[in-house]
Amino acid sequence: VQLQASGGGLVQAGGSLRLSCAASGRTFSRYAMAWFRRAPGKKREFVAAVTGSGVKTDYEDSVKGRFTISRDNAKNTVFLQMNALQLEDTAVYFCAQRDYGSYGKNVNEYSYWGQGTQVTVSS
């Protein structure tokens, strides 16, 4: 399995970015996908997740109402639309794939990881 994340960059507070993660190597729709992030000096933390079917999603409290996770199973890609970005959202963002259709919120529940994409929010 390979995961390739993209879409990070530098954005002003209040702005938007859309991250993408392209997957290959196995049947994409069978597996839950998630986004995690690691801010400077902090541990990797859960951001959002979606089931293999795309029907069910979940979010970390601080991003609820601002971030939206979605997936296109025909294109083997998961997205993270990030709106109303805040300084605290600055981090390296990682996509991850679980070995099950249902998602989890812990780092150790995911077997495959993308390389990370930097998101920097400036004032």
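The values are calculated or read from the model by the stated rules, or taken from the named source; none is laboratory data. Computed from a predicted model, the values in this text were never measured in an experiment. Positions of Cβ are generated from backbone atoms using ideal geometry, with glycine treated the same way; all protein chains shown enter the neighbour counts. The area values use the complete protein model at the heavy-atom level, side chains included, leaving out ligands, DNA and RNA. Shrake-Rupley method; radii C 1.70, N 1.55, O 1.52, S 1.80 Å.
If you check Y59, Y93, which single one turns out to be modelled with pLDDT of 95 or more and open to solvent by 30 Å² or more (accessible area, probe 1.4 Å)?
Details: Y93 fails: open to solvent by 30 Å² or more (accessible area, probe 1.4 Å).
Result of the check over Y59, Y93: Y59.
Candidates in the range 47-76 are the residues that are β-branched (V, I, T) and touching a Lys or Arg at 6+ places or on another chain (Cβ under 7 Å); of these, the one that is farthest from G15 (Cα to Cα) is V50. When we screen L17, L80, L3, L87 for residues that are in contact with a strand residue (DSSP E or B) (Cβ under 8 Å, 6 or more places away or on another chain) and open to solvent by 60 Å² or more (accessible area, probe 1.4 Å), the only hit is L87.
The range 1-78 holds strands (runs of 3 or more DSSP E) entirely within its bounds, and those carrying 1 or more residues that are under 17 Å from V107 (Cα atoms), free of Cβ contacts under 8 Å to residues at least 40 places away in the same chain and under 12 Å from the mean Cα position of the chain (by Cα) map to 45-50, 57-59.
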